[in-house]
Each structure stands twice: as structure tokens, then as C-alpha cells.
Amino acid sequence: MYRVLKFGGTSVANATNMSRVLDIVEAESRKGRVILVSSAIAGCTDALLQGDAAALADLQERHRDIVQRLFTGVERRSMLERVAALFMEIRRAPAEEVVTFGEILSTTILCAKLEVEGYRTQWLDSRKLVVKDNEPLTFSNIAREVEPSLADIFVAPGFICGTRDGRVSTLGRGGSDYSAALYAAAVHAESLQIWTDVPGIMTANPKQVPGARTVPRMSYASALDMASHGAKVLYAPTVAPAMAAGIDIEIRNTFAPDGKYTVIGAEPDASRWIGVTSQGDRVRLVGTAKGEEGIPTATEALREAGIAALDMQADGGSLDLTVRPAVLETCLKALHRAFFQTRPLQEVNLLVAGEGAVAQAFFQMVRQTAGTVQQRTGKVLRIVGRADSRRFGMDPGGQPQLNREGDYVDAILSEGTRGALFVDLTDSETLYKRYPDLLQAGLGIVSSNRRSFAVPYTEYAAIQAAARENGAVLRYETTVGAALPVLESIARGANSCDEVLSIEAVVSCTLNQILGDYRPGGASFASLVRKAQAAGLTEEDPRMDLGGKDALRKLLILAREAGVALEESRVEVDSVVPEALFQGSVEDFYQGLEAAEEELAQAAREAESKGFRRRYVASLEKAGDAYRAHIGIREVPPVHPAYYLRGTENAIVIRSAFHPYPLVIQGPGEGAREAASSILNDILR
Ligand code: ADP
Ligand code: ASP
Ligand code: MG
């Protein structure tokens, strides 16, 4: 049985590529007799057509170089002589015959190399065997030559042929594919393989449309349609002889022999639209049913791309368009996107808990960005549940109202919402206790609630285990630094065993603002706290922030993300204001703070005199085998990243074993919109 393998110009462009070709041929020859059909080396046919002395000299050098690299010793000398002799012939040949030498050169080299490797080879003179416009005669010539031969591998030049009256001719540009089909049909080959520089026939020319993908199977009719309308990957006349002989055509990639490829055969096409091709300013969307059905999608795709077709008409199952040459590539890309890159949309159902500022910002963001999100990620977000602390509502249609009383999580669990995401936008101290139930029921969790992750370590670990064991999503990037990618960065290091040496987190927005604004002699510390509270920057009781509770939670989350099982009791916390002020009402606190003004001013003056700034820093530091965790005011010098923080900015400085310099993450660490954006990104991740 015969196997016919054709290699194009790029596949044999140089010695390295030829070696790949020889590997492929040798592997195939183990399965049967091989007829290797080759093009001229890349650019050769063009150079021969040009025919001037410089082009020929350059071409001769390229062939000499290939010989130098593929052969050694006597063989090298003899091959160099043959190449020189062929170039002498070229220079003496009648002008119309010059172009036929490219394939003679490449196949002479390939055949000799196979012979050196020990194969029984036979070079076939396509000028005598292939008769132009006479397939029956061609078939009998080939069969008569090949069948009685003892060779294992035949090597035949593609492209060239003879005429009935004995002249040398060609089969047309790109004709080597056709040569291969003629050889295959003549010997009833079991396999016809066209090896080229792309992985098969693709949904578009990948040089014009980078998103093009391989069409795994194609009918002869569609391949012919693509090939006749600009898909140069296959020379159109190749299809008929293969089809008549019932031989499949494989289009394969020399540079990825085990990768994707196309099989062209008698089976009907699997898909409605096959690919998009172009020839000059004519674009064709090749299809298999009614071409006119593509008009609305095509029109809309072009409109979105800001172009219009000068003409659009169905032609059988296909659709033909004419566009201005300047917008040809834009048109191909737009049509390709609309017809071949549509992936099914993925619905993401969200069960939101919380109706506060972050939740409102989140609902608004989902409404505003739905279109963009869908376009960018293929995901459709649907809010199917909402809840405040007393009521909840669920609606699979995406319009939940707060119209039910009772336990939201119980309702979620009993109403079976597998695959949905539970989005915790509350400040609840207890909701985390339900996380494991939700995760076990197959829901994912995205949370902005830092209380949930600052719980005793055993409970934290139980939540993580429930997520892991159920393969459920559990993300809470928003809990530290709002939209800043802090936890993700720490986790990346931890995943790659980069040990954290220290974390310094300047993450209290309230205190960053207050300490940044405070100038001894200016507005009092107490008045700045009042201002921050009025601006909604503090918790209801501002002492929560000033006492370091919020920073403590963030530090626990950061440390745990880095793999340190930190407990609250192990963190030393220095309050910003005198401890005594933590007793009594908020009003008592403010009065006490006014009284402590001088003490606070003194500390600020001291730092200033040294050229330092006061920052509220939560830190974790490796000391021997253990970690030391501390929260309090620190005086930072100008070289410290936190020195220049503005307003409510956050800075997180992470030092690790892999790097001499720290990773610094700095930016907006506060705000409902930032939190909403972070939640949205955790959902989309
Ligand atoms: P060879 O020299 O191997 O015969 P060709 O240059 O004749 O190679 O054909 C391969 C080229 O065809 C590819 O490099 C690609 O740019 C072009 N091409 C055009 N349309 C398509 C398509 N639909 N699928 C794959 N390749 C295509
Ligand atoms: N070498 C010829 C050409 O460049 C034939 C081929 O490569 O198929 O057109
Ligand atoms: Mg070709």
C-alpha cells in the first residue's frame, strides 16, 4: 500500500526543515511504500521566475548551504557537483523552462539524503509521468513506473509536468498539491497527506485572523469551495482526483506533526459555517446550507466593526461580500468573530447577602457592566437572591424582592441552588458559621466580610477545608485593601513555596487619613476623628478603628494567607489613643481625646523633628522559627513605601525569601465602589 506525502516550500526551506521532513517520511515509511512529493524550497519559484543573475546566485548559495549541512565526505562533494551542474543547466535553459528547476533541485537533495540513510529510493521524473490535462494517461504512466519498482521511497518533484507534445510545463502556482493527488490517485494510495506550515485548513487564514482555528473534518465540497476562493493552503484542482479515487486528504503541519490537522473526505460537514476566505477585495463566508441566512449576522458584525459591505450576496450555501481593500482584514476579523468565535454564554447565579453601601455599589456595578462583562468573559451575571438582616427573597429570573422572613441560608440550602455563588457583603459576626454548609452544598462563596476570616484559627481552617474538599470557590480578596490584589499576591508566593519573611500592612484607611492630615497646632486629633466619622470612614464606634480591631482582622487574614496560623491572642496591639478612653460612651471618648491632645501633638512633633512620618502599621515578622505580630504607630523614614501615602491609600510591603527587595502593593484601599469592583472580580475569576 502507498502513502503519498507532499511537503510545501516552507517545509523544505532549509536543512533544519528538511530534516524534519525526513523524520516524518521515515516514520511513515514503516507503514507502507511512500511517495514523497516536494515543492521547491521557499521563495525558489519566485526567484526563478525573476531569473536575474543575482537571484540565481543567491538561490544557488541556499542550495549549497543545505547540501553542506545535510551531507558529509564524498556524498557532500558529489552533491555539491550536482547542484552546480543543475544551476549550469538552469542558466542555459530556455526561459520558459527555468521555473521547473526548483522542484528538481529540492527533490534531488531529498532523494540523495534518503539514499545515504539506507533506503531504497527512486526519483520519479514528473516531467515525463505527469501529463498536463490528461489524468488517465498520467495515472497509467505513474502506475507503470512505480508498481514494478523495488524502491521503498519514491521522490517526485511537484508542480512540474510535461505536455502531450513533449514539452516541459507546470501545473500552475501552488500546483504541487495537485501533483500529490495525481500520484495518490494513480496508485490508489491509502493515505494522501499535504504537509504545510499551518495546522490544517483553518476557519480563516491565521496570518490575517489570529483567532483562526483548525477545522478537524471537512467535506470535499467545502474544501474545494475554500480553496477556490482564496484559501491558499490547498490548491483547488487537488480535490477532484482525490475525491474520484475516494482518498481522504489530510492537511498537516510539518512544524507540529502531532498537533491538530484537517481530514477532507466524503462525509458531510459537521458545522453550518466552515470558514471565511478572501481573494483581493472579495470575501467569502463558506457555508453548507442557505447562504442568505448569514446576512443579518454578517451585517451586524460589520456594523459593530464600523465598516459596510459594498455588496453582499448569497451564493448557494455561502455568502459573498465585497469590501474596500483598506478594511479587508477588519472585515475578516469581524466576520470570524461573529461566525466562529461564539462560545456558549456561562450563567453565574449570585445569592447576595447584605444591603449596605457595598451591596448597593455592587448591584449598580452589575447593572452597568453586564454588557461589557458578557463580551469580555462570556459570563452572564444574574442576581437570584438578596437579603438584609431580617428579610430575604429569591427569584431564578433575576428579580428577587425582600419579601420573605426566616433564614436565608436555610432557604438556599433547601431550594437547591448548586453551582451558584453566595456573596457575603454583610458585616455579620456569625454568618461565617454557615459557610461550611454552603460549601458542602456545592455553592461557592465570595465575601467582603473580614469578620468571617478573622475568627479563631480552627474555624478558619474548617471553612478552607470545606471549600477544598468540595472543590468550591472561596474568595475574599476584598477583605484587605479593597480592590488591591493583596491576598492573591501572597497566595502566589505561598503556592510556589516562597517563604514570607515579613508583611507590613498600612491598611487602616481611617488612621492613614487622620495621621496624614494631623498637624500639631492645627485641627485637633479629636476633630479629625469626628470628621472621619462624619465622612463614613470609621465604624459606628470610631474606637474600633483607633483601637486597632480592624487592622487586627486584616493582619490575621494576611498572615493566614501566607500560611501562618496566627491567632488574635498572639498579636501585640498598641492603641493610638490612651487605653482609658475605651471605657464609657463615644461622647466620653471624644472629650477624653481632646484632653489627650497635647500628648498626641508631642508625639507628632517628635517624629517630624526626625524627618519621619507617623503611620499605623500592622506587621508580621519572622523571628527565628516563629512569627511576631504587632500593631501600632510606627515612625517611618522617607525611604519607606508608607511615607508617601495619601488620603485613604493603603500600602502592603511583603518581603520574602526569594527576593532581596520587597513586593509593594499600594493604592486605593477603601470605598464602596472599590469593594464592589473587587467582589465582581472575585466572581469573574
Ligand atoms: P505550502 O508552501 O506548504 O504549499 P502555502 O503557502 O501554499 O503552503 O499554503 C499555506 C498557507 O496558506 C498558510 O501559511 C496560510 O497563511 C495560508 N492560508 C490561507 N487561508 C488559510 C486557511 N483557511 N487555513 C489555513 N491556512 C490558510
Ligand atoms: N513551487 C511552486 C509554487 O511556488 C509550487 C508549489 O509550491 O506548490 O507555486
Ligand atoms: Mg501551497
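The values are calculated or read from the model by the stated rules, or taken from the named source; none is laboratory data. Every value quoted in this text rests on a predicted model; they were computed, and no experiment measured them. So basically every Cβ, Gly included, is an ideal-geometry build from the backbone, and we count neighbours across all protein chains shown.
To keep it simple, each residue is scored yes or no on (1) touching a residue at least 12 places away in the same chain (Cβ under 8 Å); (2) surrounded by fewer than 18 Cβ atoms within 10 Å (Cβ to Cβ); (3) within 16 Å of ligand 2 (Cβ to nearest atom).
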| residue | (1), (2), (3) |
| --- | --- |
| Ile24 | yes, no, no |
| Val34 | yes, no, no |
| Phe71 | yes, no, no |
| Met79 | yes, no, no |
| Ala85 | no, yes, no |
| Arg91 | yes, yes, no |
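One residue is enough: does segment 40-59 have a residue meeting the conditions in contact (Cβ under 8 Å) with a residue 40 or more places away in the chain, under 17 Å from Phe154 (Cα atoms), within 16 Å of ligand 1 (Cβ to nearest atom) and touching a Lys or Arg at 6+ places or on another chain (Cβ under 8 Å)? No, segment 40-59 has no match at all.
Going by the structure shown, is Glu540 of a type outside the set (Val, Ile, Thr), modelled with pLDDT under 90 and farther than 20 Å from Glu649 by Cα? Spelling it out, Glu540 is indeed of a type outside the set (Val, Ile, Thr), modelled with pLDDT under 90 and farther than 20 Å from Glu649 by Cα. Sort out which residues of segment 203-215 are in contact with a Ser or Thr (Cβ under 7 Å, 6 or more places away or on another chain) and either crowded, with 24+ Cβ neighbours inside 10 Å or in a loop (DSSP other than H, G, I, E, B) (or both), and write them in order of number. Within segment 203-215, Ala212, Arg213, Val215 qualify. Scanning segment 221-231 for any residue that is at pLDDT 95 or above, part of a loop (DSSP other than H, G, I, E, B) and near ligand 1 (Cβ under 8 Å from one of its atoms) turns up at least one such residue.
Looking across His630, His659, one residue alone is at pLDDT 95 or above and not aromatic (Phe, Trp, Tyr). It is His630.
The single residue among Arg404, Arg418 that is farther than 14 Å from Arg382 by Cα and surrounded by 13 or more Cβ atoms within 10 Å (Cβ to Cβ) turns out to be Arg404. The set of residues in segment 296-329 that are surrounded by fewer than 16 Cβ atoms within 10 Å (Cβ to Cβ) and in a helix (DSSP H, G or I) comprises Pro296, Thr299, Glu300, Arg303, Glu304, Pro325, Ala326, Glu329.
Taking segment 172-189 as the range and being within 16 Å of ligand 2 (Cβ to nearest atom) and either small (Gly, Ala, Ser) or in contact with a Lys or Arg (Cβ under 7 Å, 6 or more places away or on another chain) (or both) as the test, the residues that pass are Gly172, Gly174, Gly175, Ser176, Asp177, Ser179, Ala180, Ala181, Ala184. Inside segment 231-252, residues that are within 16 Å of ligand 2 (Cβ to nearest atom) and either in contact (Cβ under 8 Å) with a residue 60 or more places away in the chain or more than 33 Å from the chain's Cα centre (by Cα) (or both) make up a count of 8. Kindly check whether there is at least one residue in segment 253-263 that is of a type outside the set (S, T, N, Q) and either more than 31 Å from the chain's Cα centre (by Cα) or within 16 Å of ligand 2 (Cβ to nearest atom) (or both). Looking through segment 253-263, none of the residues is of a type outside the set (S, T, N, Q) and either more than 31 Å from the chain's Cα centre (by Cα) or within 16 Å of ligand 2 (Cβ to nearest atom) (or both).
Restricting the search to segment 499-550, which residues are on the phi > 0 side of the Ramachandran plot and crowded, with 22+ Cβ neighbours inside 10 Å? Spell out how you get there, then give the answer.
Step one: filter segment 499-550 for residues on the phi > 0 side of the Ramachandran plot, giving 521, 536, 548.
Passing the criteria: only Gly548.
Of all the listed residues (Ala551, Ala642, Ala618), the sole one being within 20 Å of Pro662 (Cβ to Cβ), at pLDDT 90 or above, assigned to a strand (DSSP E or B) and of a type in the set (Gly, Ala, Ser) is Ala618.
Here Arg376 meets each of (1) modelled with pLDDT of 90 or more; (2) under 32 Å from the mean Cα position of the chain (by Cα) with one exception, condition (1). Here segment 235-246 is the region considered, the condition is being within 13 Å of Leu192 (Cα to Cα) and surrounded by 21 or more Cβ atoms within 10 Å (Cβ to Cβ), and the residue that is farthest from ligand 3 (Cβ to nearest atom) is Met243.
Looking at segment 436-448, is at least one residue touching a helix residue (DSSP H, G or I) at 6+ places or on another chain (Cβ under 6 Å), within 24 Å of Glu568 (Cβ to Cβ) and surrounded by fewer than 24 Cβ atoms within 10 Å (Cβ to Cβ)? Yes: one or more hits.
Considering only segment 101-202, give the helices (runs of 4 or more DSSP H) lying wholly within it that have at least 3 residues that are under 14 Å from Ser39 (Cα atoms) and β-branched (Val, Ile, Thr). Show your work before the answer.
Working: elements: 101-116, 126-129, 135-146, 176-186.
It comes to 101-116.
Residue count for segment 165-177, restricted to those that are at pLDDT 95 or above and surrounded by fewer than 24 Cβ atoms within 10 Å (Cβ to Cβ): 9.
Confirm whether Glu597 is buried (at least 16 other Cβ atoms within 10 Å of the Cβ), modelled with pLDDT of 90 or more and out of contact with any strand residue (DSSP E or B) (no Cβ under 7 Å at 6 or more places or on another chain).
On the way: buried (at least 16 other Cβ atoms within 10 Å of the Cβ): no; modelled with pLDDT of 90 or more: yes; out of contact with any strand residue (DSSP E or B) (no Cβ under 7 Å at 6 or more places or on another chain): yes.
Spelling it out, it is not the case that Glu597 is buried (at least 16 other Cβ atoms within 10 Å of the Cβ), modelled with pLDDT of 90 or more and out of contact with any strand residue (DSSP E or B) (no Cβ under 7 Å at 6 or more places or on another chain).
Selection of segment 623-661 for residues being charged (D, E, K, R) and more than 39 Å from the chain's Cα centre (by Cα) yields Asp625, Arg628, Arg634, Glu635. Taking the numbered list (1) away from ligand 3 (no atom under 16 Å from the Cβ); (2) buried (at least 16 other Cβ atoms within 10 Å of the Cβ); (3) not polar (S, T, N, Q) in turn, Val4 passes all entries but (1).
Condition check: among the aliphatic types (A, V, I, L, M) and surrounded by fewer than 14 Cβ atoms within 10 Å (Cβ to Cβ). Does Ala54 satisfy that? If you could, list the steps in order and put the result at the bottom.
Values: among the aliphatic types (A, V, I, L, M): yes; surrounded by fewer than 14 Cβ atoms within 10 Å (Cβ to Cβ): yes.
Yes; evaluated as a whole, the condition is true for this residue.
Ala180 falls short on exactly one of the conditions (1) surrounded by 23 or more Cβ atoms within 10 Å (Cβ to Cβ); (2) aliphatic (A, V, I, L, M); (3) more than 16 Å from ligand 3 (Cβ to nearest atom), and that condition is (3). Being under 24 Å from Gly442 (Cα atoms) and either assigned to a helix (DSSP H, G or I) or touching a Cys at 6+ places or on another chain (Cβ under 6 Å) (or both): is that true of Val358 here? Criteria not met by Val358.
Table: residues versus (1) out of contact with any Asp or Glu (no Cβ under 6 Å at 6 or more places or on another chain); (2) away from ligand 1 (no atom under 16 Å from the Cβ).
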site	(1), (2)
Leu114	yes, yes
Ile142	yes, yes
Ile160	no, no
Ala180	yes, no
His188	yes, yes
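Is it the case that some residue within segment 359-377 is aromatic (Phe, Trp, Tyr), in contact with a helix residue (DSSP H, G or I) (Cβ under 9 Å, 6 or more places away or on another chain) and without any contact (Cβ under 8 Å) to a residue 24 or more places away in the chain?
To start, the set of residues in segment 359-377 that are aromatic (Phe, Trp, Tyr) comprises 362-363.
Next cut, in contact with a helix residue (DSSP H, G or I) (Cβ under 9 Å, 6 or more places away or on another chain) only: 362-363.
If we keep only those that are without any contact (Cβ under 8 Å) to a residue 24 or more places away in the chain too, we end up with 363.
Yes.
Among the candidates Arg391, Arg284, which residue alone is modelled with pLDDT of 95 or more and surrounded by fewer than 20 Cβ atoms within 10 Å (Cβ to Cβ)? Being modelled with pLDDT of 95 or more and surrounded by fewer than 20 Cβ atoms within 10 Å (Cβ to Cβ) holds for just one of Arg391, Arg284, which is Arg391.
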